[in-house]
1. Just the residues that are loosely packed, with under 10 Cβ neighbours inside 10 Å, on the phi < 0 side of the Ramachandran plot and part of a loop (DSSP other than H, G, I, E, B), please, taken from the range 88-111.
2. Working carefully through the options 85, 14, 69, find the one that is modelled with pLDDT of 55 or more and either loosely packed, with under 12 Cβ neighbours inside 10 Å or in a loop (DSSP other than H, G, I, E, B) (or both).
3. Filter the range 72-82 for residues that are out of contact with any helix residue (DSSP H, G or I) (no Cβ under 9 Å at 6 or more places or on another chain) and not in a strand (DSSP E or B) and give the result.
């Protein structure tokens, strides 16, 4: 039996208990939706490397250029998303690498 005028507190608490998991589910679904596509599909536009899958945007430092097709290289088990070089005026070049690896293949560390 509810007291007159005081019965809405329980309903509000129940709604809050339902609202929090619902908002969490929406946030998780949004994260999954953002990660659709291919992680190797990166692009350079106006000197900025972008990868929609990872939500990554990285401005290339001055004079750097992509030295191989984006997303085609490998370094061990990792995928090279970007390999960019800059000439130094010598036989050596400066190199910038952005790579991605599937962390599921690593053993977890218990701390």
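1. Keep residues of the range 88-111 that are loosely packed, with under 10 Cβ neighbours inside 10 Å, which gives 89-92, 103-111.
From the residues that got through so far, the ones that are on the phi < 0 side of the Ramachandran plot too are 90-92, 103-111.
90, 91, 92, 106, 107, 108, 109, 110, 111, listed by residue number.
2. On the way: 85 fails: either loosely packed, with under 12 Cβ neighbours inside 10 Å or in a loop (DSSP other than H, G, I, E, B) (or both); 14 fails: modelled with pLDDT of 55 or more.
Criteria check complete, one pass: 69.
3. Of the range 72-82, the ones out of contact with any helix residue (DSSP H, G or I) (no Cβ under 9 Å at 6 or more places or on another chain) are 72-76, 78-82.
Result: 72, 76.
The values are calculated or read from the model by the stated rules, or taken from the named source; none is laboratory data. This is a predicted model, so every value here is computed, not measured. For neighbour counting, all protein chains shown are included, and Cβ atoms are generated from backbone atoms with ideal geometry for every residue, glycine included.
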